[in-house]
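A.B. asks: My questions all concern the structure below.
The values are calculated or read from the model by the stated rules, or taken from the named source; none is laboratory data. Given the structure is predicted, the values throughout are model-derived calculations rather than measurements. All Cβ positions, even for glycine, are placed from backbone atoms using ideal geometry, and neighbour counts span all protein chains on display. Each accessible area value is taken on the protein alone, full model and side chains, heavy atoms only, with ligands, DNA and RNA left out. Shrake-Rupley method; radii C 1.70, N 1.55, O 1.52, S 1.80 Å.
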Protein chains: 2
Amino acid sequence: MARENYEEQLDRLTGLLATMSREAGAAIRGASVALFDVDRAAAEAVVAGDAVLDRYRAEAEARIPEVLVRHQPVASDLRLVVCALRIAASLERMGDLAVHIAKVVLMRYPVGVVPASAVPVLTAMADAAARMAEKAAVVLATRDHLDAAQLALDDDEVDAAEKRLLSLLVSGWPYGVESAIDLALVGRYYERYADHAVNVARQVVFLVTGTIRL
Amino acid sequence: MARENYEEQLDRLTGLLATMSREAGAAIRGASVALFDVDRAAAEAVVAGDAVLDRYRAEAEARIPEVLVRHQPVASDLRLVVCALRIAASLERMGDLAVHIAKVVLMRYPVGVVPASAVPVLTAMADAAARMAEKAAVVLATRDHLDAAQLALDDDEVDAAEKRLLSLLVSGWPYGVESAIDLALVGRYYERYADHAVNVARQVVFLVTGTIRL
């Protein structure tokens, strides 16, 4: 009976983390709209919305150790605490990175940050990042290591796109140093976002299988 | 008796975190030597040495929940788990950021990354970052919120220096876009390093006082 209650609590916790993942996905999609459409309202919404993820993280952090100590923990439960806290931290950080992108947009507004020649490569990063947040939510629900492996492939795509972006910027970029730095940083934010999404999936797999390899 | 044993375990845990903090300090000092002296061996040592911090983090993560579950935890112990895991995560990440700086050096070697005109501002960042890691180790030992407040001041210095660096890069930087991007990213790595050092101090204060404000 106590154990059943424990499973229920774990499911609620996983559900909270999946909700965080969808929020992080909404944040990066909003930031990408702001970036490509030079949409100030979208950027401001991302900045304002970040408090939601911060609250969820606090809620997860309060709940995770309580789930543990109310029950006789076994070794895999200890691992769960560490993994769940890492997942919550990564998801909150993904929100922060979306905010960083939104703030670059606000800093340059009404001037756009992305010249036409950089749209394809940054769109590839933005789409992959948004996809990864959705997939991370799926992995949290299914705890399926094949779903998790998908995220590593998306991450490779983001890394490759970041390399293409940097090549573009250093090959006679005609929009000046400030523009190049803005875009290099935006590229880095997407890349870090993707890394954290992979980390979420990796922690879930670790939780289920005890091995970290994807 | 059990409680005494618990305190001992906590002290060992804090000691491990303080060791991590000193390792993170050594890493950023090594990365800064590599950066300013164009010293390949120093850069390689930072990259190779990062495994130590990764191992410490794994050790901390294994030990933290065990300390908790072997004893009757009270509310502040639950907080301790979350804080200690956050601290371990920040310290490991500080090592990663030092590695990122070292890798920029290796990528451009034997060409130096920092032209003379950027040395003062980057030295300010490097010195403050190294100082902050040492202070974080002190805070872990003393758990004194006044020591912790010091780190916020250093962090302001790093943020101000990063702004100066970016201004320098966008005001007719004569070394090309690639150089500007390298330096903007190096500046960001120092800035993130400093943020994590502040986070370490903040978590310690939270642990002791129950409030997060510095």
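A.B. asks: Among the residues of the stretch B:112-165, write down those that are in contact (Cβ under 8 Å) with a residue 24 or more places away in the chain and outside any helix (DSSP H, G or I).
C.D. replies: B:G112, B:V113, B:V114, B:P115, B:R143
A.B. asks: Look at A:T123 and say whether it is under 17 Å from A:V38 (Cα atoms), open to solvent by 10 Å² or more (accessible area, probe 1.4 Å), under 20 Å from the mean Cα position of the chain (by Cα) and of a type in the set (S, T, N, Q).
C.D. replies: It is true that A:T123 is under 17 Å from A:V38 (Cα atoms), open to solvent by 10 Å² or more (accessible area, probe 1.4 Å), under 20 Å from the mean Cα position of the chain (by Cα) and of a type in the set (S, T, N, Q).
A.B. asks: Let me ask you something else. Of the residues B:D147, B:D77, B:D96, which is more than 11 Å from chain A (Cβ to nearest Cβ) and either at pLDDT below 95 or farther than 30 Å from A:E66 by Cβ (or both)?
C.D. replies: B:D147 is the lone residue from the list that is more than 11 Å from chain A (Cβ to nearest Cβ) and either at pLDDT below 95 or farther than 30 Å from A:E66 by Cβ (or both).
A.B. asks: How many residues are of a type in the set (A, V, I, L, M) and away from every other protein chain (no Cβ under 14 Å) if we restrict to the stretch A:150-186?
C.D. replies: The qualifying residues number 6.
A.B. asks: Now a separate question. Only residues in the stretch B:88-100 that are part of a helix (DSSP H, G or I) count as the first member; pair them with residues that are among the aromatic types (F, W, Y), Cβ under 6 angstrom, at least 6 apart or cross-chain, and list the lot.
C.D. replies: Listed by first residue and then by second, the contacts come to B:M94/B:Y193; B:L97/B:Y189; B:L97/B:Y193; B:H100/B:Y189.
A.B. asks: May I pose another question? Suppose we filter B:A128, B:A149, B:A160 for residues that are open to solvent by less than 30 Å² (accessible area, probe 1.4 Å) and of a type in the set (A, V, I, L, M); which single one remains?
C.D. replies: One residue alone meets the criteria, B:A128.
A.B. asks: List every residue pair whose Cβ atoms lie under 9 Å apart, where the two residues are 6 or more positions apart in sequence or sit on different chains, the first residue falls within the stretch A:7-23 and is within 13 Å of A:E59 (Cβ to Cβ) and open to solvent by less than 10 Å² (accessible area, probe 1.4 Å), and the second residue, located anywhere, is charged (D, E, K, R) and modelled with pLDDT under 90.
C.D. replies: These pairs meet every condition: A:L13/A:R63.
A.B. asks: Considering only residues that are among the polar types (S, T, N, Q) and farther than 19 Å from A:L16 by Cα, which ones fall in the stretch A:132-166?
C.D. replies: A:Q150
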